[in-house]
Amino acid sequence: MLQKFGFSQYESQVFEVLASSEEPMDATNIVKYSGVPKSKIYEVLSRMIEKGMVLDSVSEKKKLYTALPLAIVIEKLTTEFQENVQQLKNNTSKRKFYDEHVWSLKVDSSIRAQTKQLLQTAEKSIRVSGWQDDIQEILPLLQEKEKQGVDVEVLVVGELKSTLSHVHTLIPAQEHHSLERFRLVVVDETEVIFAGMEGQSWQALKTKSRPFIKVFIEFFYHDVALAKITEKHSDLMMNDEEIKSVLMKLRY
């Protein structure tokens, strides 16, 4: 039974002999009755003393050994086992493994389903940017999440009527020929989905990679800043051909 608690076969044999003896024993008799080799006995006894399972004493210049009473052994092993279980729980709960993979998604319906599922998991924050019709589709979910206390911030290309507290709007100029459709969702600053058009098909990436998440959060606020600047200083910027030429090339 002791071997199930991590004791070696020799340690178990020594304890069994000492526990069944009514008197303390010396090393010679322990070897005789336990079957532990003489060359190993002092090493085994030393380990058992260190583990608190065996007591030693000197009587008439002879070293004697006795086992810890069985009832105390049971209590000792039970307590240690419970402490080890608790330590295991604590250690495993503190360890976090990060998935640094970048996953590729295709097919618009799959991307939309993945996006909604990711939004459902949000507990702290949501950053979303995209075109009006795409945002409109997930708007009820975004509004519900905000009611639950999640910090929701949206950048939308086109007009959007909503009850959300933080909506930034970009109204494209007629010259915005290169403005491409896109979707960006960052949840809890731990996971991101970014989707864009390749030809006539949607393609996306999904990742928990922290460097990518940092880039996409900065990407989001870069777009917000540009939208705000364009909104407030549109006449000035659009009348400056050099600035206008640069702005028209941006994806936003």
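Just checking the listed ones, Ser162, Ser21, Ser201: in the Gaussian network model of the chain with Cα springs under 10 Å, the one fluctuating most is Ser21. What segment 1-77 shows is 66 Å² of accessible area per residue, with the surface traced by a 1.4 Å probe over protein heavy atoms.
Comparing Gly52, Gly196, Gly149 in a Gaussian network model of the chain (Cα springs below 10 Å), the most mobile by mean-square fluctuation is Gly52.
Legend: residues His222, His168, sorted from most to least accessible area (1.4 Å probe; ligands, DNA and RNA excluded), read His222, His168.
The accessible-area ordering, largest first, of the residues Phe182, Phe81 stands as Phe81, Phe182, per a 1.4 angstrom probe. In the chain, inverting the average of 1/r over every pair of distinct C-alpha atoms gives 24.2 Å as the Kirkwood radius. Normalised by the number of residues in the chain, the mean separation of alpha-carbon contacts (under 8 Å, six or more apart) gives a relative contact order of 15 percent. For the residues Asp99, Asp133, a 1.4 Å probe over the protein chains yields an accessible-area ranking, largest first, of Asp133, Asp99. Take the solvent-accessible surface of the protein heavy atoms, probe 1.4 Å, and return the percent of it on the chain that carbon and sulfur atoms account for. Looking at the chain in its full context, I get 53 percent from C and S.
If you run the Gaussian network model on the chain, springs between alpha carbon atoms under 10 Å, then out of Glu60, Glu11, Glu191 the most flexible one is Glu60. Straight-line reach only, C-alpha to C-alpha below 17 angstrom: list the aspartates and glutamates that Lys106 could link to, leaving out same-chain residues fewer than 8 apart. Cross-link targets: Asp134, Glu198.
Heavy-atom accessible surface of segment 97-207, averaged per residue, reaches 54 Å², computed with a 1.4 Å probe.
This model, with +1 at the C-beta of Lys and Arg and -1 at the C-beta of Asp and Glu, gives the chain a dipole about its Cα centre of some 880 debye. In terms of distances greater than 32 angstrom between alpha carbons, the cross-link table entries Lys208/Lys232; Lys4/Lys61; Lys38/Lys89; Lys63/Lys89; Lys51/Lys89 yield Lys208/Lys232; Lys4/Lys61; Lys38/Lys89; Lys63/Lys89.
Beta bridges per DSSP, both residues in the chain: antiparallel share near 75 percent. Listed by chain and number, the lysines whose C-alpha is less than 20 Å from the C-alpha of Lys228, apart from same-chain residues fewer than 8 away, are Lys161, Lys244, Lys249.
The values are calculated or read from the model by the stated rules, or taken from the named source; none is laboratory data. All values derive from a computational prediction rather than experimental measurement. Every residue, glycine among them, receives a Cβ derived from its backbone with ideal geometry; neighbour counts consider all protein chains shown. Areas reflect the complete protein model, heavy atoms only, side chains present, ligands, DNA and RNA absent. Shrake-Rupley method; radii C 1.70, N 1.55, O 1.52, S 1.80 Å.
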